[in-house]
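To start, the structure itself, in structure tokens.
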């Protein structure tokens, strides 16, 4: 019997051991969202703010924003023997929603918008021990402006395809809204941000440290008075394109845009913005290498400029220094031997900052608005303000069309490789077609926008872009 | 819990029922020999039927056993021989038995539980058993290659031709989308990790972009480390109906490997020496320019001077048509394997098996190779009459240099360069030691230079160890109770390096030339278990009851550092100008408690089994909740009064197993750094706190038929496997700011058929022919999906080429692609994207697979062959796009037509990838004993020589290098992407083996 007793005891011990041992293993790779619950402190606000701004930077530092917009606008080539789609789905055919050519400028921006919205929702409504009411208003106004910027980035690449507008419910999948509706929403968002700034007062500073891109380029955007300039500049840009909308123009908005852009330029009259201000504005600052590793992706050895960019530059234009020779790049029916100076692969170029909305762009936008509003003289003043700053003689366009030609020239070289500005202009001026432009390949379809990403279509259970709703 | 506890106690009470002892006994002794030759059979078991009384034969084949007076029945068994039951009349004391060799493996022991087995004669599941001899008949680089074509119900596919492994085993179709999809490997009770660690070549290929290792690193799954020569046998539990004892690791089936043990008898020293080589077995080919003008036309310059210089360049070339593939992949490596083993037992109750392996396989490309060394020591010790202990250990080192292959975005892949290089340009190393640069070096790459400069060593040190102690608590004539404690560890360190020096052309375009990757993976898996096994023997039945507990723990830490801007010759990643680091850690703990009852009755004709396994895992949303995995099975040997039919067994088995979540429980914070300031935002992957294991329920039924006096065996099995609660990475509309969320939901149902026919059409003293044919088919359908259809995470190149897609009502292995156009553009040359027809184009998996094995023995000669036929299945051949797009395809007219069709919306890259392959051929010759003895000065018992070949010939419609290829390596879905892989090879071996 003794043996049986031993057996029973051993069995009991085993079963007990089996039931008692701790089966929990905590995640050891990263914190979970639980780590950030509870009231915001200045430390957690800083972390959330950096999270939003870093996400926004990452989503701009992407193929669709920096390369594809330039390829569509006929400025840029990317030729890669290992990846025919850089040509086949941009200049040789349509972007496929399932590939990188047709799936971009979407998820990253919406993640930034969600992060910004989460931050806004987490903000206290009244002053706390950590934050004053003015600081809360300044923060809310800033992140509303950043949300508006990200919405603009989505719609400028998707154009007539449309975009969605997020709600506070993370699980809500909302309709695809048409461009006009999205632009109206962005305009309203910017105005509500501006109201936050008014409530905060111009001398208030946001209660967190901004990246140097927002403080070191001529203006300190942690100060609300400067944030107002950023906000009004973006609003002026939106209102100008709402006014110009090729299918649904609203000419009344040109005057609004002029007012807003002038406010963003510190009240400077037409032609009166000094060259020294041209580089002022918010920027993205890139840090290649290390655990941060966010190189400016323009630094890319497979990138070239369309030879026409080199051919068209006017003699004496100092912006011609942006165009440099490179070893011949050819394939898929394209060839070039020039490139953008910032595209030459180097660590310095990987760290080159990228303008978000510089005063130079605002001046040229105002010239466009003046021109459309019938104020040709003011338009010429702003055009020549930029032009003469780069060693060129003033021009005197005689009508709206020739002024458009002049503005397009200035914008092309002033804003080379800074995003989709030229794409927006060609499209809205109805010039993105074979009447005005050379076909780059035999099958060049003159793409004007990218489709909705396949992942979005799939999540909605559809296979083609759903019609946008007004 | 309470219920399980009380059942354990009732089990223990059962033990206390004592059985009566025999009143009068006599001693029966005899000798067990091989039928025909009369050689003694060592270690055969001799049992008194209806009791637990038994013994084993000694090294002379002799036994002696006490049996009761009156007529008795003895059963004699030995693995590799057909068992025999003999009647011993009352009063008789002699019993001599001869056993026939079990050439068709009619009788083996099949695993049914942690510590229980049953004879295959009674087994209720279609468990495939592969002997070590059959496994190793034709040498293979790794064990997975050796399994190809040998398991009905398994699709075993190699990912590329690079040396050193990378093979996927899939049992009974696709059983998961996002969880573990490979079978569980268990060696001598040790759960063996089969991860595929990425070596980091992504840093130089940028196939997946960025700096870190990716799924496109042409990874090797780590069962490659196992030494196949140590294997005594492999049992394959194909699905949950057999594998439910493995709980949430059992869904994909279990491959149970038993290594050789020492045995009584003459100490045996086996030495085998193999020499071999390999050669490229398939090439893509390339356009050859016939004239300078043709070349100039291809360049399409319009300037007269440029055309003239192009024609001059062509005319200056000495060789107009380089076969770059042959030039680069034309090595005939010198391969060898040296295998030695010592096997025996001491009189003190110790048995031992010690073996060693030294293996070297070269690649087709200069400086590629695979090397493995292993040392195994298996020890068994009997202490007294009740305690048995065993300890098995194996130490393995492997080193692989696999070069660079597969998808790339830097142009480093040789095929990327070949597809862009006009045929008259010499890329090879020049007599002055330099490599040509200039026009030839498209994308600044010279693959010939890379073979010299770019290194990718992967070094693995691995320790496998297991221990088992079994104590016989009760040993009576009519019942036994054993207590077993067993455990094992599998610990390995996988060190990967990529060294791409700044002197390589490919590096010179980089902002920081010189790339170094230093990766280090430490993976530990440990399992321990304890159980009781009770056998109760009555005249009417034998009941085997087992119960126990188990624990598994797995720790992994995978760290990789990438350095850019490294001085040539330096291999210290800390010296790089930029350093990028990534690390993934994981700890998983599981606990289980199980009980099982096997009931054998009706004269050993009916076997009924019921078992239950409760398991919990830290990866589950609720780590404290036990999930239950039951099983039930029955088999019945039908008495058939027909002379030609020896045996007819009907069987039916049901079981459930799980697949534990590997992630998805938490919403992590993603940290983003901006100018050194750490920021956080919620990850784009939403967590699911309620996540639970996938559950797979399988019902399997079939019959086994033995005919013509054991000359033919037919097995037929049908199964239905249903997987519920799939862990889905459901795509969330990106416009919400999230990309996906893990959820449980959906269902896959797999149906399949497995047939086997084995026979010995000829069996004479001089000539025998053993023939085996296996057929298996399986189809899985997504029967429920609570989310809209989605592209699984496995990786693809977009729907214009073809990707996996999970959609309710479709096959789980379906391919979705753009194929068709509702209306072409006005010119009729292309299909506008809005008009492209996105459709399901077919099944990526084969409709069925058939294996033919044939073994002829003629005197001392033996000829064995294995043919593997896979019917159906589709692949996406992107390799062709490289050559088509550049205008350098071998057949330029075809390329132009295909591109034109592609522009019009046809998916020209989809191809049928079914094939027939001669996997194995071996011709062996046993040297006459006298010659063997003379050769080794009287020390050798026997010697044999063999000539073998592997993958000698392939017939397929597939136009790529190899229809089996997978750019993304092992994948549950979407492994059909073919992007400039490492070419396949034919392998040849010459073997000399001796036994001392």
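No value in this document is a laboratory result; all are computed from the given coordinates. Just so we're clear, the structure is a prediction, and the values are computed from it rather than from any experiment. Note: ideal-geometry Cβ built from the backbone for every residue, glycine included; neighbour counts use all protein chains shown.
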Using helices alone, what [θ] at 222 nm do you get for chain B, with -39,500 (n - 2.57) per DSSP H run of 4 or more residues, divided over all residues and rounded to the nearest 500?
-> -2500 deg cm²/dmol
Peptide B:415-421 - average C-beta neighbours from other chains (10 Å radius) = 2
Take the alpha carbon atoms of segment B:528-553, find their center, do the same for segment B:317-387, and report the distance between the two centers in whole angstrom.
-> 38
Taking every pair of alpha-carbon atoms in the protein assembly as shown, what share in percent sits in each 20 Å bin, from 0 to the bin with the longest distance?
-> 9, 33, 32, 17, 7, 1, 0
Per residue of A:96-103, what is the mean number of Cβ atoms on other protein chains within 10 angstrom of that residue's Cβ?
-> 5
May I ask you to compute the full-extension gain from residue B:293 to residue B:326, defined as 0.36 nm times their residue separation minus their alpha-carbon distance, rounded to one decimal in nm?
-> 9.3 nm
Residues B:604, B:331, B:394, sorted so that the one with the fewest Cβ neighbours within 10 Å comes first | B:604, B:331, B:394
Sequence-separation-based contact order of segment A:62-174, relative, with Cα cut under 8 Å and 6+ spacing, percent | 22
Shape of segment A:281-333 from its Cα gyration tensor (a ≥ b ≥ c, root eigenvalues): rounded if a/c is under 1.5, otherwise prolate when a/b > b/c, or oblate?
-> oblate
Between segment B:755-832 and segment B:393-424, what is the C-alpha centre distance in whole Å?
-> 27
Fewest to most Cβ atoms within 10 Å: A:428, A:410 sort as A:428, A:410
Near-label residues of segment B:933-966 by backbone N, under 15 Å of a point 7 Å along Cα→Cβ of residue B:863 | B:947-949
Compute the long axis of helix B:892-903 from its Cα atoms, compare it with the longest principal axis of the Cα atoms of chain B, and write down the angle in degrees, 0 to 90, nearest 10.
-> 90
Residues in segment B:601-616 that a label on residue B:652 would reach, taking backbone N under 18 Å of a point 7 Å out along Cα→Cβ = B:601-602, B:605-611
How would you rank B:958-966, B:900-908, highest first, on the average number of other Cβ atoms within 10 Å across their residues?
-> B:958-966, B:900-908
To the nearest 10 degrees, how steep is helix B:2-15 against the longest Cα principal axis of chain B, on a 0 to 90 scale?
-> 40
How many percent of DSSP beta bridges within segment B:761-872 run antiparallel, rounded to 5?
-> 100
Over all alpha-carbon pairs of segment B:693-804, lay out the pair-distance distribution in 10 Å bins, whole %, shortest bin first.
-> 12, 26, 22, 16, 13, 8, 2, 0
Here, residue B:643 and residue B:953, labelled 7 Å along Cα→Cβ, have an inter-label distance in nm of 4.2
Tail beyond 39 Å, pair distance distribution of chain A (Cα, percent) = 26
C-alpha long axis of helix A:42-60 to longest principal axis of chain A, angle in ° | 50
So, in Å, what gap is there between the alpha-carbon centers of segment A:331-366 and segment B:866-914?
-> 38
Everything considered on the Cα gyration tensor (a ≥ b ≥ c; rounded for a/c under 1.5, else prolate if a/b is larger than b/c, else oblate), segment A:195-237 must be described as oblate
For segment A:365-410, calculate the relative contact order in percent as a whole number, restricting contacts to Cα pairs under 8 Å that are 6 or more residues apart.
-> 39
Gained length - residue B:678 relative to residue B:26, 0.36 nm times residue gap less alpha-carbon distance | 226.3 nm
For segment B:788-872 the mean separation of alpha carbon contacts under 8 Å (6+ apart) over residue count, i.e. relative contact order in percent, is 20
Using 7 Å Cα-to-Cβ label points, what is the residue B:703/residue B:916 separation (nm, one decimal)?
-> 3.1
Full extension from residue B:925 to residue B:455: what is 0.36 nm times the residue separation minus their Cα-Cα distance, to one decimal in nm?
-> 165.1 nm
Would you mind classifying segment A:183-330 by shape? Square roots of the alpha carbon gyration tensor eigenvalues, ordered a ≥ b ≥ c; an a/c under 1.5 is rounded, otherwise it is prolate if a/b is larger than b/c and oblate if not.
-> oblate
Calculate the tail of P(r) for chain B: the fraction of all Cα-Cα distances greater than 46 Å, expressed in %.
-> 33
Footprinting exposure proxy for B:222, B:497 (fewest neighbouring C-beta atoms within 10 Å first) | B:497, B:222
Hey, what number do you get for chain A at 222 nm if only DSSP H runs of n ≥ 4 count, each worth -39500 (n - 2.57), divided across all residues, to the nearest 500?
-> -14000 deg cm²/dmol
Along each of its three principal axes, how wide is the spread of alpha-carbon positions in segment A:300-400, in whole angstrom units, largest first?
-> 44, 29, 25
Normalise the Debye intensity by I(0) for segment A:96-168, one equal point scatterer per Cα, no solvent, then take log10 at q = 0.20 Å⁻¹ and round to two decimals.
-> -0.83
